[in-house]
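Structure first, commentary second.
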Amino acid sequence: MSALKIGEISKPRFEFRTFGQDFSESAERMARLSNPVPEKVWHRESDEIYIMSRTNDLNNTKIRDGKMDVKAYVQTVDGLEQWDPKLKAEFPISRAQLTEEIFPAFMVELPELTQTEYSFDEFIALIDAHADLQAVNIHKERFGYMVNDTICEVANVLVNGAKIVSINSESTELEDIQKTIKDVKLEGVENINYLQAIKRVIGMKNLPLAN
């Protein structure tokens, strides 16, 4: 097995991720246990838009730097979720791709599409007009680590301006993630993915975060 490298494509990874208000003890342990990582992942910030669907928890859709990225849920093994890239798209997006790939990923009724292609602003207008969809502005400040050969991260996340904190470990190897969870003292903490966390913050799901 070749070692995972941050920023490189691998086979679909499993991941543990959680969200709450304070993971300072686990974050400190993660930083101290980390192997050296490339300087480019020490600290990163990005602005993204996630498309939330009331009827979909299986496809994670986000827009960053004018490009749309959809990851699909594959399976859960020993409490760890596996996600796989499903599609990538750039604006303007064709009516055919909206009809055949993107709106089916949202699992909602297809709106009337009168144009042959849609710009970013026109696409967001479709989302805003749809009763079951919501565009959510996300700002991420991320700090990257590598613990037990798993790609780790601590992130300050703004969900439409509401601040929450995320911490995660991901790898192709389940055992490495489970060891990392134990080493950074996250055993027993709920595994919450981005879809679930955002829905809880915006009130689309009536559930709390991990703390």
Among the residues listed as F120, F91, the single one being of a type in the set (F, W, Y) and open to solvent by 50 Å² or more (accessible area, probe 1.4 Å): F120
Within the stretch 22-32, can one find any residue that is more than 23 Å from V189 (Cβ to Cβ) and either surrounded by 12 or more Cβ atoms within 10 Å (Cβ to Cβ) or in contact (Cβ under 8 Å) with a residue 24 or more places away in the chain (or both)? no
Flag for Y145 being open to solvent by less than 40 Å² (accessible area, probe 1.4 Å) and among the hydroxyl-bearing types (S, T, Y): no
Looking only at the stretch 124-152, which residues are β-branched (V, I, T) and over 30 Å from Q178 (Cα atoms)? I124, I127, V136
Restricting to the stretch 33-53, give me the number of residues that are open to solvent by 10 Å² or more (accessible area, probe 1.4 Å) and either of a type outside the set (S, T, Y) or free of Cβ contacts under 8 Å to residues at least 40 places away in the same chain (or both). 13
All but one of (1) outside any strand (DSSP E or B); (2) open to solvent by less than 30 Å² (accessible area, probe 1.4 Å); (3) within 21 Å of K71 (Cα to Cα) hold for V136; state the number of the condition that does not hold. (1)
From the list K182, K140, pick out the single residue that is of a type in the set (K, R), modelled with pLDDT of 95 or more and more than 25 Å from D47 (Cβ to Cβ). K182
Could you run through the stretch 183-211 and say how many residues are part of a loop (DSSP other than H, G, I, E, B) and on the phi < 0 side of the Ramachandran plot? 16
Some residue of the stretch 94-106 being under 24 Å from K182 (Cβ atoms), part of a helix (DSSP H, G or I) and either in contact with a helix residue (DSSP H, G or I) (Cβ under 8 Å, 6 or more places away or on another chain) or open to solvent by less than 50 Å² (accessible area, probe 1.4 Å) (or both): no
State all residues of the stretch 74-93 that are in contact with a Leu (Cβ under 8 Å, 6 or more places away or on another chain) and either under 18 Å from E122 (Cα atoms) or not in a strand (DSSP E or B) (or both); if no residue qualifies, say none. D78
Looking at this structure, is N56 exposed (fewer than 15 other Cβ atoms within 10 Å of the Cβ) and not in a strand (DSSP E or B)? no
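The values are calculated or read from the model by the stated rules, or taken from the named source; none is laboratory data. Note that the structure is predicted; figures quoted are calculated from it, not measured. Glycine also receives a Cβ, built like all others from the backbone with ideal geometry; neighbour counts cover every protein chain displayed. For accessibility, only protein heavy atoms count, side chains too; no ligands or nucleic acids. Shrake-Rupley method; radii C 1.70, N 1.55, O 1.52, S 1.80 Å.
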